[in-house]
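Following: one structure in structure tokens, then a few remarks.
The values are calculated or read from the model by the stated rules, or taken from the named source; none is laboratory data. Treat the numbers as computed from the prediction; the structure is a model and nothing was measured. Counting neighbours? That spans all protein chains shown, and the Cβs are built from the backbone with ideal geometry, glycine included. We work out accessible area using only protein heavy atoms, side chains counted, and drop any ligands, DNA or RNA first. Shrake-Rupley method; radii C 1.70, N 1.55, O 1.52, S 1.80 Å.
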Protein chains: 2
Amino acid sequence: MSNNQKRFILPEEEIPRYWYNIQADMVNKPLPPLNPATREPLKAEDLFPIFAKELCRQEMNQTDAWIEIPDEVRDMYKYYRSTPLVRAFGLEKALGTPAHIYFKNESVSPMGSHKLNSAIPQAYYCKQEGVTNVTTETGAGQWGASLAYAARLFGLEAAVYQVKISYEQKPYRRSIMQTFGAQVTPSPSMSTRAGKDILTVHPNYQGSLGTAISEAIELATTTPNCKYTLGSVLNHVALHQTVIGQEAEKQMAMAGEYPDMVIACFGGGSNFGGIAFPFMRHNILEGKQTRFIAAEPASCPKLTRGKFLYDFGDEAGYTPLLPMFTLGHNFAPANIHAGGLRYHGAGVIVSQLLKDKMMEAVDIQQLESFEAGVLFARAEGIIPAPESCHAIAATIREANRCKERGEEKVILFNLSGHGLIDMASYDKFLAGDLQNYELTDADIQRNLDALK
Amino acid sequence: MSNNQKRFILPEEEIPRYWYNIQADMVNKPLPPLNPATREPLKAEDLFPIFAKELCRQEMNQTDAWIEIPDEVRDMYKYYRSTPLVRAFGLEKALGTPAHIYFKNESVSPMGSHKLNSAIPQAYYCKQEGVTNVTTETGAGQWGASLAYAARLFGLEAAVYQVKISYEQKPYRRSIMQTFGAQVTPSPSMSTRAGKDILTVHPNYQGSLGTAISEAIELATTTPNCKYTLGSVLNHVALHQTVIGQEAEKQMAMAGEYPDMVIACFGGGSNFGGIAFPFMRHNILEGKQTRFIAAEPASCPKLTRGKFLYDFGDEAGYTPLLPMFTLGHNFAPANIHAGGLRYHGAGVIVSQLLKDKMMEAVDIQQLESFEAGVLFARAEGIIPAPESCHAIAATIREANRCKERGEEKVILFNLSGHGLIDMASYDKFLAGDLQNYELTDADIQRNLDALK
């Protein structure tokens with residue numbers, strides 16, 4: 001059953017009132033984070049020095065499946081939510097596939113990506129708890145721009161460490177953060193011990209999310225009344241992003257369909273978890289058989305080629321030890337343009353789900369991702385973020401498989417953001433100046449062996 | 001009467017089925033365009049060599065108030081319309097004004113501006129009439145990007161002449177056009193007689209919309225099966241844009257309000273006419289007293305300081321003579337960042353309405369426009385296009401007047417586009433590197449005297 005309607009939008013009263021906490025429903029709960037010194041399991045209070053308290057509680061909550069969205073946060077969501085669910089008729093036609101392809105268009109947020117969904121509650125809880133300054137890291141700048149705006153909204157000062165390669169590749173995102181009044185520093189910088197340490201050893205290091213996280217945490221823990229915020233990886237970030245999947249559920253019902261596959265690109269797991277978890281709930285509780293596919297870059301393949309073990313979330317080792325698929329916290333990813341996917345590890349919920357075969361992962365090379373992005377742009381009129389191109393590439397692979405087999409499957413993917421700020425990378429792609437990056441097993445093993 | 005709702009969205013079936021042709025309702029109709037050689041009034045057929053036939057008919061139609069939107073076009077509108085009407089609570093608070101400020105958010109179109117509203121029907125009619133190639137000009141690139149996408153949608157080849165200063169200031173917009181497969185040439189170029197002529201006299205000329213129009217028309221009229229398309233100025237372009245005002249009418253009713261003022265930035269008049277004409281209809285037919293305010297750049301002030309006379313629409317004199325407020329078709333505007341407003345003339349409908357005092361115009365300096373844009377961005381989370389900043393600046397002036405007088409007026413402005421591709425200009429503004437441009441009466445008169 002389906003119809004010819006292209007876009008599905010929810011009335012304002014249908015915007016979710018609760019975030020969905022999949023931890024409560026998981027058969028195998030994620031293992032606890034560990035104190036690196038004692039290797040004792042952490043409690044929520046142990047994270048209070050770094051994050052707003054309520055976010056720490058959400059992080060460790062394995063019992064409540066539904067967590068109420070504060071009215072002030074929901075009011076802010078209304079500025080851009082619900083985001084449209086779109087039937088990608090143009091892409092279906094371009095591929096000649098019998099599959100029905102839908103995408104959730106998170107690019108319509110004023111910051112151009114899904115990141116605002118978590119930036120708003122994080123800034124809100126900080127404000128509620130009397131925090132005056134927030135710090136964070138950002139790769140491509142989508143998270144940094146969202147936090148800069150959310151901080152401004154609640155009257156907080158924001159300091160952002162932006163991965164140096166992205167700071168240089170994507171100057172417009174820096175300008176956006178500065179327009180909102182945030183202080184932006186390229187990472188690694190000489191302003192922190194973590195930054196100095198790595199620059200001393202690798203003077204030309206172009207940065208990674210792991211390093212930028214270290215710098216931001218260091219600033220937060222050494223500044224009075226300042227908290228750190230993170231744009232992905234952590235449980236509470238994926239929790240906030242579940243507004244995406246909850247809306248998509250209702251919108252798919254409006255379209256009279258239910259997804260056979262749910263696909264999202266994968267950096268730390270927040271946009272993937274955001275769209276996948278509300279649907280995965282039905283797999284867990286009702287035995288639905290939807291496939292969930294995380295699309296990661298071939299040059300940073302923690303899910304497809306990493307190891308499941310306890311590792312640090314940042315380069316300098318300031319975070320607790322997290323049980324996750326990782327390439328090792330010192331892994332230096334290639335300089336692909338999907339800056340938001342250049343992270344060595346995966347969130348602990350997703351790591352457990354992958355271990356339990358509740359989901360799958362595929363890796364996508366840079367050229368395949370941009371080919372998919374250009375095809376999508378020409379078919380649907382929206383230029384996707386380089387990160388989102390990975391989800392599109394994985395979708396195209398599945399849609400082509402449907403074509404080969406004559407199967408009319410329903411595919412839903414998350415368009416996590418638009419690429420209007422990333423046109424320099426499209427320029428390079430169209431000019432033939434982008435490349436793939438090969439990673440040998442030995443490269444990966446060498447890095448994992450270096451873990452203490 | 002009002003409420004606390006922030007965004008108003010129409011159900012899909014409420015998207016307009018007709019464009020509103022204000023010419024039919026105008027008491028004083030616009031004067032006819034003239035053949036430059038004979039000075040005889042033109043008929044629609046005289047324009048057939050340049051434009052698709054149906055567009056020529058729409059251009060000259062002074063009798064039908066409602067022109068049906070083809071189903072194929074309306075289907076494409078559904079991909080992004082209705083656009084939200086937003087109550088700017090954040091801006092109201094920042095200004096401390098009792099005014100109720102609303103904006104129509106045309107920036108949510110996939111191309112980031114209102115321009116797609118006319119690009120789609122223009123490409124559609126070309127396709128219907130067997131055209132295979134379209135040409136156009138673009139300033140900042142919003143129109144060019146929209147036409148490039150619309151051409152791709154209907155399987156047409158697109159060639160775009162982009163004003164050289166914008167081609168250099170805004171490389172991302174060129175990349176967007178190229179991603180959609182359009183051929184983009186900086187104007188003036190050596191590829192046309194019009195371009196060569198001006199480059200011979202002014203080798204470093206940074207271009208203007210008037211020159212780019214000449215080049216695009218020349219290419220269209222010397223290429224088989226090729227038509228020219230224009231992104232503003234002409235009656236049929238403003239006609240297509242009336243979907244904006246028609247939606248806003250219904251959405252203002254949802255909010256329980258009616259505007260005392262309608263404000264838009266002004267380049268050639270399409271976004272202004274688009275939002276204003278459906279409301280102006282009620283002034284004409286029912287005696288409503290809404291004020292309509294066009295905000296133009298102080299460096300290109302055709303409405304506030306130009307003369308009403310017959311002039312060419314382009315620099316080289318390829319167009320018919322149009323009865324309009326103009327600074328003279330050889331006027332070389334200063335290199336402001338609002339590239340879409342750098343045009344010497346005003347559409348003939350708007351020119352007649354201004355002459356008849358049915359509307360007003362104000363001029364805004366570059367620094368005031370960016371101050372307004374940054375204030376708006378920080379209050380509402382959306383970074384406005386430099387063009388739209390002019391509408392915001394005019395809105396802020398009026399909202400401050402309401403504050404001085406304690407008047408709770410209702411102001412509606414059109415947010416014609418976002419500024420995510422224009423961050424380089426925000427960078428310069430924040431760094432103090434932008435300037436105002438003063439224009440003396442003698443400068444203006446000298447140029448008008450040069451008209452034959």
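Structure values in brief
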item: Cβ-defined net charge surrounding A:Thr63, 15 Å radius [Lys, Arg +1; Asp, Glu -1]; result: -1
item: Using a Förster distance of 56 Å, the FRET efficiency for B:Ala431-A:Asp25 (Cβ separation, nearest 0.05); result: 0.65
item: Label point 7 Å beyond Cα along the C-beta direction, distances from A:Gln5 to other copies (nm, shortest first); result: 1.8
item: Built amide H within the under 5 Å cut-off of A:Val184, gap 5+; result: A:Val160
item: Spacing of the two label points (7 Å from each Cα toward its C-beta) at B:Phe89 and A:Glu438, in nm; result: 5.7 nm
item: Estimated dipole of the protein assembly as shown in Debye, rounded to 20 [Cβ of Lys and Arg +1, of Asp and Glu -1, Cα centre]; result: 100 debye
item: Qualifying lysines (Cα of each under 22 Å from Cα of B:Lys307; at least 8 residues distant if same chain); result: B:Lys29, B:Lys355, B:Lys357, B:Lys452
item: Label 7 Å beyond Cα on the Cβ vector: A:Asp356 copy-to-copy distances, nm; result: 7.0
item: Within the accessible area of the stretch B:193-236 (1.4 Å probe), percent carbon and sulfur; result: 57 percent
item: Equivalent ellipsoid, the stretch B:119-168 (semi-axes from 5 times Cα gyration tensor eigenvalues, Å); result: 21, 9, 7
item: Distances in nm from B:Gln128 to the matching label points in the other copies, shortest first (labels 7 Å along Cα to Cβ); result: 5.5
item: Under-5 Å amide H pairs with A:Arg291, H placed in peptide plane, nonlocal only; result: A:Met261, A:Val262
item: For B:175-185, mean number of other protein chain Cβ atoms within 10 Å; result: 4
item: Contact order relative to length of chain B, as percent, for alpha carbon pairs under 8 angstrom and 6 or more apart; result: 19 percent
item: Average accessible surface area per residue within the stretch A:365-444, 1.4 Å rolling probe, Å²; result: 35 Å²
item: Other-chain or far-sequence residues with amide H under 5 Å of A:Asp311's (modelled H); result: A:Leu322, A:Met324
item: Accessible surface, the stretch B:164-215, averaged per residue in Å² (probe 1.4 Å); result: 37 Å²
item: Length released on extending from B:Tyr258 to B:Thr63, taking residue separation times 0.36 nm less the Cα-Cα span; result: 67.5 nm
item: Helical segments meeting 15 Å axial Cα length and Kyte-Doolittle -0.5 threshold in chain A (DSSP H); result: A:116-128, A:142-153, A:209-221, A:235-254, A:270-286, A:366-380
item: Cα-centre dipole for the stretch A:146-197 with unit charges at Cβ (Lys and Arg positive, Asp and Glu negative), debye to 20; result: 80 debye
item: Average partner coverage of A:355-363, which counts Cβ from other chains inside 10 Å; result: 0
item: Total formal charge among the other residues, if their Cβ is under 14 angstrom from that of A:Gln435, Lys/Arg +1 and Asp/Glu -1; result: -3
item: DSSP beta bridges in chain A [antiparallel fraction, %, rounded to 5]; result: 35 percent
item: Length-normalised contact order of the stretch B:379-452 in % [C-alpha pairs under 8 Å, at least 6 apart]; result: 37 percent
item: Shielding by partners - mean other protein chain Cβ count within 10 Å, residues of A:418-427; result: 5
item: Inter-part distance where the stretch A:380-452 and the stretch B:259-311 are each reduced to a Cα centre, Å; result: 46 Å
item: Equivalent ellipsoid dimensions for the protein assembly as shown as semi-axes, Å, which come from the Cα gyration tensor, largest first; result: 48, 28, 27
item: Flagged links, alpha-carbon separation over 25 Å, of A:Lys127/A:Lys170; A:Lys78/A:Lys115; A:Lys6/A:Lys403; A:Lys78/A:Lys250; A:Lys127/B:Lys403; result: A:Lys127/A:Lys170; A:Lys127/B:Lys403
item: Selected from A:Tyr228, A:Ile244, A:Phe308, residue furthest toward positive end of dipole (the stretch A:221-350; charges at beta carbon); result: A:Phe308
item: Cα-centre dipole for chain B with unit charges at Cβ (Lys and Arg positive, Asp and Glu negative), debye to 20; result: 220 debye
item: DSSP beta bridge pairing in the protein assembly as shown, given as percent antiparallel to the nearest 5; result: 35 percent
item: Chains A and B, summed buried accessible surface - 1.4 Å probe, Å², nearest 100; result: 3400 Å²
item: Estimated vicinal HN-Hα couplings, Hz - the stretch B:305-310 in sequence order (Karplus 6.51, -1.76, 1.60; Gly, Pro = x); result: 9, x, 10, 8, 6, 6
item: Radius 10 Å from Cβ of A:Gln365, net charge of other residues (Lys, Arg +1; Asp, Glu -1); result: -4
item: Theoretical ellipticity at 222 nm over the protein assembly as shown - DSSP helices of four or more residues, -39500 (n - 2.57) apiece, nearest 500; result: -12500 deg cm²/dmol
item: Extension reserve of the B:Asp75-B:Ser191 stretch, reckoned as 0.36 nm per residue once the Cα distance is removed; result: 38.1 nm
